[in-house]
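Beneath this line is the structure, given in structure tokens, with notes to follow.
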Amino acid sequence: MAGNIIELTGLTRKYGQFTAVDNLSLTVARGEIFGLLGPNGAGKSTTILMMLGLTEPDAGTARVCGIDPSTDPVEVKKRVGYLPEEVGFYDDMSGLDNLVYTACLNGLSVKEAQARAGKLLERVGLGNEKHKKTGKYSRGMRQRLGLADVLIKDPEVIILDEPTLGIDPAGVREFLDLIVELSREQKITVLFSSHHLHQVQQVCDRVGLFVAGRLLATGDVQSLASQLFGKSPYTIEAGIETAVHHQGDGTDALKKREEIRNALLEIRGVNEIREDNGIIHLSCSRDLTGEIAAAIISSGVRLTSLSKREYGLDDIYYRYFEGGENHE
Amino acid sequence: MTSITDILKEEKTMNRIALTISGLLDRKKDRIRHPFRVIMEKEIADHLTGWRFIILTVIIALTCLGSLYTALSNMSQAVKPNDPEGTFFFLKLFTISDGTMPSFMVFIGFLGPLLGIGLGFDAINSEHNRGTLSRILSQPIHRDYIINAKFAAALMVISAMLFVLGMLVMGAGLITLGIPPTAEEFLRMVFFILLSILYVAFWLNLSILFSVLFRQPATAALSAIAVWLFFTVFYPLIVNLVTRSMEPSAAASPYQLVAFEQFRLALLRVMPNQLFSEATTTLLLPSVRSLGPLTMEQMIGAVPGPLPLGQSILLVWPQVTGLAAGTIVSFVISYILFMRREIRPR
């Protein structure tokens, strides 16, 4: 209990017939970087809005820092910094003035605010641009200013909703490193929402997989893989000669492919087969490289490549967001 | 020698003054302001430095100047002997015109809505479109601070502007006429300005309501202007059409005539501008005794003379209440809509 800074239980939010968030339960421990991974429209933003009390849940409760945001949003917002997807600033004010305004809203005096804003702008690398109007900031600069804006209230938790959208790769890397650094330095819990799995993999201690309003699995990348691929922890990719398709007429080629497929499925431990462009992806419960090679060769097709793949979020992502042909 | 010591002393004092001033400024920076004040001060600063407010002020100031000029040049003809309003010479500044240029009173009635609409039509939706709304609302403030502060800031700016304009007109009159206003005239003036503020506040609230309703500031501005045009141009036409068909014949009984006239007035009084012009006329022309039809019986024995201020205010109390009610209703609707709205980033 004491360790959990965010606790969501049975959280549900409906828009008419459409259920945006469906019975979501989630805990985030103090000090960790939690990644909320899901495709667009999965309900990540809605969940975040409910955590801040900006929208009311239809069912279930949220507790952030031990406070219920739907009854006491102000107390929650004192402790939680939120960086929205596309953060907006007053374009006719300088970066510094924008930060000072936010700080004053958080109950700081102007003097204190200016000191702290100056320090934070230095920290996020905008020290030289602090007197420039934010209308002239680039996308990456705005995002870094957004991070400073979130940190100025000295939060316990920061929630970042797709913070890297529209930044170039170098900028993303820098931005993510900054988040990790700040979180470790100041012991801030970070909730990082993204549809970008590599970024999540890069920074997060724990990941929650969020699809169509439901949390499918949580854990670090390894445990996520074993949760999701419990039965088939190995993926083997076998390349077959595509020329086989051109031998004889079309039906012959199809038959041949079907043959290989059946032969492969007969091997004990092969759970799923996916084929694209002459490469067969097999999910297996054991290391079956040898058996697979033998099966393909004995079927008369030339094997061009064979590789064992390790699991990453990539596989998790494709498995859940795109879905393969399941065979269990 | 004494001069040198004087200079030294002078410098010391100056230094002390400079120190005190910087100390005061520092202390101001040290003060922790309530979030509501923070928002309000920013909104006021935005209004005052924005082009929109400057343009609106220039338009209104120029028209004021025009009406003041016509009023001053026609002052000599305006005062007739045995005029019951002769004692209220000064108030004529606001009401007389020679027909080429409307009076100050009419101008405020006409441009006031424009001022209110101009300051309110993008209050909420522009914040939303810029993406600042969700950022500000994720700060530890209550949601209604934003809409309340926006309203309060615009109202303060409007009040300051109308008071300044009114006082300037008075000052100009004082200089050119050479007659100081009496205490009652001054009070009537102040009430007139307060009434104008209320009237502008009504349109301000209406445009804030539209800014909550419509995502695009242009749509909100156009709808507010449409309402304004409807009330100033089309509604009187419609009332005329409706009442003309119901007009009683000349031979109808006086009761019927009175009832008809009251019905017509009731229809007209739906218009906020009608309420405003009735109220201002009564306040600025103290000889106005009634805003509805009067029978001969009621007139018999009445001494033609100005009403005291208290009586004038009593006469326009329903109009003032009506305007205030309209203002409050549109504010409440926009408040409720805004509080229930889900704030999504952009």
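The values are calculated or read from the model by the stated rules, or taken from the named source; none is laboratory data. All values derive from a computational prediction rather than experimental measurement. Glycine also receives a Cβ, built like all others from the backbone with ideal geometry; neighbour counts cover every protein chain displayed. Surface areas here come from the heavy atoms of the whole protein model, side chains and all, with no ligands, DNA or RNA. Shrake-Rupley method; radii C 1.70, N 1.55, O 1.52, S 1.80 Å.
Could you give the nm distance between label points at residue A:61 and residue A:205, where each point is 7 Å from its Cα heading toward the beta carbon?
2.5 nm
Which distance in Å, rounded to a whole number, links the C-alpha centroids of the stretch B:20-34 and the stretch A:110-156?
23 Å
Restricting everything to alpha-carbon atoms, can you work out Rg to Rh for the stretch A:13-132 with a Kirkwood hydrodynamic radius?
Taking Rg over the Kirkwood Rh, I get 1.03.
Taking the DSSP beta bridges in chain A as the whole, what percent of them are antiparallel, to the nearest 5?
Within chain A, antiparallel bridges account for around 70 percent of the total.
Over the C-alpha atoms of the stretch B:139-253, what are the Rg and the largest Cα-to-Cα span, Dmax, in Å?
Rg and Dmax of the stretch B:139-253, Cα atoms, are 21.0, 71 Å.
Give me the one-decimal nm value for the distance between modelled label points at residue B:311 and residue A:237, 7 Å along each residue's Cα-to-Cβ direction.
Each label point is offset 7 Å from its Cα along the Cβ direction, giving 9.8 nm.
Just to be sure I follow: if Rg is taken over the C-alpha atoms of chain A and Rh is the Kirkwood radius over the same atoms, what is Rg/Rh?
Over the Cα atoms of chain A, Rg/Rh equals 1.11.
Under the rule of at least 5 residues apart or a separate chain, name every residue whose amide H is placed under 5 Å from the amide H of residue A:20.
Under 5 Å from the amide H of residue A:20: A:13, A:14, A:15.
Which ³J(HN,Hα) values in Hz, rounded to whole numbers, follow from the phi angles of the stretch A:282-289 under the Karplus curve 6.51 cos²θ - 1.76 cosθ + 1.60, where θ = phi - 60° and Gly and Pro get x?
10, 9, 10, 8, 10, 7, 10, 3
I'd like the Karplus ³J(HN,Hα) series for the stretch B:194-207: coefficients 6.51, -1.76, 1.60, θ = phi - 60°, whole numbers in Hz, and an x wherever there's a Gly or Pro.
Values, residue by residue: 4, 5, 4, 4, 4, 5, 5, 4, 4, 5, 4, 5, 4, 6 Hz.
Would you mind telling me the antiparallel percentage of the DSSP bridges in the protein assembly as shown, rounded to 5?
Rounded to the nearest five, the antiparallel share is 70 percent.
Label 7 Å along Cα→Cβ of residue A:132; the stretch A:161-176 residues with amide nitrogen under 11 Å?
Flagged as within label range: none.
Can you give the convex hull volume of the alpha carbon atoms of the stretch B:185-240 per residue, in Å³?
Measuring per residue, one finds 94 Å³ for the Cα hull of the stretch B:185-240.
For residue B:126 and residue B:34, FRET efficiency with R0 = 30 Å and r from the beta-carbon atoms, rounded to 0.05?
0.80
How many square angstrom of accessible surface are buried between A and B, both sides summed, with a 1.4 Å probe and rounding to 100?
Buried area between the two chains comes out at roughly 3000 Å².
How big is the Kirkwood radius of the protein assembly as shown, worked out from every pair of different alpha carbons and given in Å to one decimal?
31.3 Å
Which residues in the stretch A:84-104 place their backbone N less than 19 Å from a point set 7 Å from the Cα of residue A:40 along the Cα-to-Cβ direction?
Flagged as within label range: A:84-88.
Under 10 Å, Cα contacts only: if you run a Gaussian network model on chain A, which one of A:274, A:79, A:116 comes out with the highest mean-square fluctuation?
It is A:274.
Taking 35 Å as R0, compute the FRET efficiency from the Cβ-Cβ separation of residue B:183 and residue B:270 and round it to 0.05.
Between residue B:183 and residue B:270 the formula returns 0.45.
Could you state, as a whole-number percent, how many of the C-alpha pairs of the stretch B:217-346 are farther apart than 26 Å?
Of all Cα-Cα pairs in the stretch B:217-346, 43 percent lie more than 26 Å apart.
What angle do you read, to the nearest 10 degrees and between 0 and 90, between the alpha-carbon axis of helix B:104-120 and the longest principal axis of chain B?
Helix B:104-120 sits at roughly 50 degrees to that axis.
Could you give me the ³J(HN,Hα) list for the stretch B:222-233, computed from phi with Karplus coefficients 6.51, -1.76, 1.60 and θ = phi - 60°, whole Hz, x at Gly and Pro?
With coefficients 6.51, -1.76 and 1.60, one gets 5, 5, 5, 5, 4, 4, 4, 4, 4, 6, 7, 10 Hz.
Which angle between 0 and 90 degrees, to the nearest 10, do you get for helix B:235-246 versus the longest principal axis of chain B when only C-alpha atoms count?
Tilt relative to chain B: about 20 degrees.
Can you list residues whose amide H is under 5 Å from residue A:159's amide H, if they're 5+ apart or on another chain and H is modeled 1.01 Å from N?
Placed amide hydrogens put A:81, A:82, A:83, A:191 under 5 Å from residue A:159.
Mind listing the long-range amide H neighbours of residue A:272? Cut-off is under 5 Å, sequence gap 5 or more, other chains count too, H placed in the peptide plane at 1.01 Å from N.
The list, which skips near neighbours in sequence, is A:283.
What whole-number value in cubic angstrom gives the convex hull volume per residue for the C-alpha atoms of chain B?
208 Å³
What does the highest-first list of B:142-151, B:50-59 look like by mean Cβ count within 10 Å?
Answer by packing, highest mean first, reads B:142-151, B:50-59.
Counting only protein heavy atoms and a 1.4 Å probe, tell me what percentage of the stretch B:135-200's accessible area is made up of carbon and sulfur.
81 percent
Using the Cα gyration tensor of the stretch B:1-155, with a ≥ b ≥ c the square roots of its eigenvalues, what is the shape: rounded (a/c below 1.5), prolate (a/b larger than b/c) or oblate (neither)?
Since a/c reaches 1.5 but b/c is at least a/b, the shape of the stretch B:1-155 is classed as oblate.
Can you tell me what the convex hull of the Cα atoms of the stretch A:67-217 projects to on average, as an area in nm²?
Approximately 9.6 nm², given one-decimal rounding.
For chain B, find the longest principal axis of its Cα atoms and tell me its angle to the long axis of helix B:2-30, 0 to 90°, nearest 10.
Once rounded, the angle reads 70 degrees.
Label points 7 Å out from Cα along the Cβ direction at residue A:115 and residue B:216: separation in nm?
4.9 nm
Could you work out how far the C-alpha centroid of the stretch B:155-171 sits from that of the stretch B:232-281, in angstrom?
Each part reduced to its Cα centre gives a spacing of 33 Å.
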